[in-house]
Amino acid sequence: MVYTGRFAPSPTGPLHFGSLLAAIASYLDARAHKGRWLLRIEDLDPPREVEGASDSILKTLEQFGLHWDGEVIRQSDRYAIYSDILSQLIQNDAAYRCGCSRQQIRKRSGGLLYDRYCRNNPPATDTHCAIRSRCDQDHPFYDRIQGHQQFSNQVEDFVIFRRDGFFAYQLAVTIDDAAQQISHIVRGSDLLDSTPKQIQLQQQLGYPQPVYAHIPVATNIRGQKLSKQTLAPALDEGQALQLIIRALDFLGQQPVAELTDSNIEECLSWASAHWDITAVPNQTGIILEDS
Ligand code: GLU
């Protein structure tokens, strides 16, 4: 098997320390395996997209020495492919139309999980609909950092096409990981509970299952993940080396003191030669002191 990893940022703002962690961890794991590291821009949600963010992400990755292999893939170029596969899932009865509003679901079932109402009560053909995956089964999996994972109380018919007309993340990410032949996924643990949904779709579509590793996410003192919403600052390119060393420390890699006198390239090459995924803390979140 050829190791193929990826980094898949959504262009909702410039890269911040939280996204740098996912970029560096996936990059180092790929390089340590002498594998490929691909870049995919997940511009699937135009209302959340920020103009210029996609270019700024590419520029920052280059300035941090994180050079990807091959062409950058953009999800916005792939709607026709998602659409064909969506029709295939509906035809195979693996997915169905759902016209329920959040309010209706909340009223019927308390709102935590979808009650599968539209499985047996198909909405009228002219109703504005979401599409849901038919999901009867839990999909436990082994994570290289977090160990055995099971989300039995979250099994539900999840949305793969949104009522507002956009393809859902779960569908696009599953299709693209298979299309790019991704063998190993390294990403933030905020996506741990998305993994069973993606495994479900892989099984429905006959795709191979990648190997997963979910790194802890960096949080502020209130336990909130660093993100645009929690006002995480953009990465300062002038501090690239220091930030990479800080990321290595966060990822449990014990960067040696001499790295502070190295350059970015030397630092990343030390880090890929010494990469030890078993040293990454098996926590889902770690508070970042000065955030
Ligand atoms: N696009 C997602 C994000 O930026 C990551 C998707 C993934 O790694 O599976 O949070």
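The values are calculated or read from the model by the stated rules, or taken from the named source; none is laboratory data. Quick caveat, the model's predicted, so the values are computed rather than measured. Cβ: placed from backbone, ideal geometry, glycine included. Neighbour counts: every protein chain shown. All accessible areas refer to the heavy atoms of the entire protein, side chains included, with ligands and DNA or RNA removed. Shrake-Rupley method; radii C 1.70, N 1.55, O 1.52, S 1.80 Å.
Note on the stretch 103-140: residues that are under 16 Å from PHE158 (Cα atoms), open to solvent by 50 Å² or more (accessible area, probe 1.4 Å) and in contact (Cβ under 8 Å) with a residue 40 or more places away in the chain total 4. Restricting attention to the stretch 162-173, the residues that are open to solvent by 40 Å² or more (accessible area, probe 1.4 Å), farther than 18 Å from GLN203 by Cα and outside any loop (DSSP other than H, G, I, E, B) add up to 0.
In a residue-by-residue description of the stretch 35-44, the property of being out of contact with any strand residue (DSSP E or B) (no Cβ under 8 Å at 6 or more places or on another chain) and small (Gly, Ala, Ser) applies to no position. If the condition is being within 14 Å of the ligand (Cβ to nearest atom), open to solvent by 10 Å² or more (accessible area, probe 1.4 Å) and part of a strand (DSSP E or B), then the stretch 7-37 contributes PHE7, HIS16.
Only one of the numbered conditions (1) touching a Gly at 6+ places or on another chain (Cβ under 8 Å); (2) surrounded by 19 or more Cβ atoms within 10 Å (Cβ to Cβ) is violated by PRO210, and that is (1). Suppose the filter is within 15 Å of the ligand (Cβ to nearest atom) and either over 18 Å from LEU241 (Cα atoms) or free of Cβ contacts under 8 Å to residues at least 24 places away in the same chain (or both); does VAL72 pass it? Considered against the rule, which asks whether it is within 15 Å of the ligand (Cβ to nearest atom) and either over 18 Å from LEU241 (Cα atoms) or free of Cβ contacts under 8 Å to residues at least 24 places away in the same chain (or both), VAL72 comes out as yes.
Are any residues in the stretch 86-97 touching a Ser or Thr at 6+ places or on another chain (Cβ under 9 Å) and open to solvent by less than 50 Å² (accessible area, probe 1.4 Å), and if so, which ones? Passing the criteria: LEU89, ALA94, ALA95, TYR96.
Being in a helix (DSSP H, G or I) and within 11 Å of the ligand (Cβ to nearest atom) is true of LEU191.
Contact map, the stretch 176-196: residues that are on the phi > 0 side of the Ramachandran plot paired with residues that are among the polar types (S, T, N, Q) and surrounded by 20 or more Cβ atoms within 10 Å (Cβ to Cβ), Cβ distance under 6 Å, separation 6+ or inter-chain. Pairs shown: GLN181/THR4. For the stretch 217-225, check the following and say yes or no: at least one residue is assigned to a helix (DSSP H, G or I) and either open to solvent by less than 20 Å² (accessible area, probe 1.4 Å) or more than 21 Å from ILE287 (Cβ to Cβ) (or both). Within the stretch 217-225, not a single residue is assigned to a helix (DSSP H, G or I) and either open to solvent by less than 20 Å² (accessible area, probe 1.4 Å) or more than 21 Å from ILE287 (Cβ to Cβ) (or both).
If you check ALA247, ALA273, which single one turns out to be surrounded by fewer than 15 Cβ atoms within 10 Å (Cβ to Cβ), touching a residue at least 60 places away in the same chain (Cβ under 8 Å) and under 14 Å from LEU28 (Cα atoms)? Within the list ALA247, ALA273, the selection yields ALA273. Scanning the stretch 153-185 for residues that are within 15 Å of the ligand (Cβ to nearest atom) and at pLDDT below 95 yields nothing.
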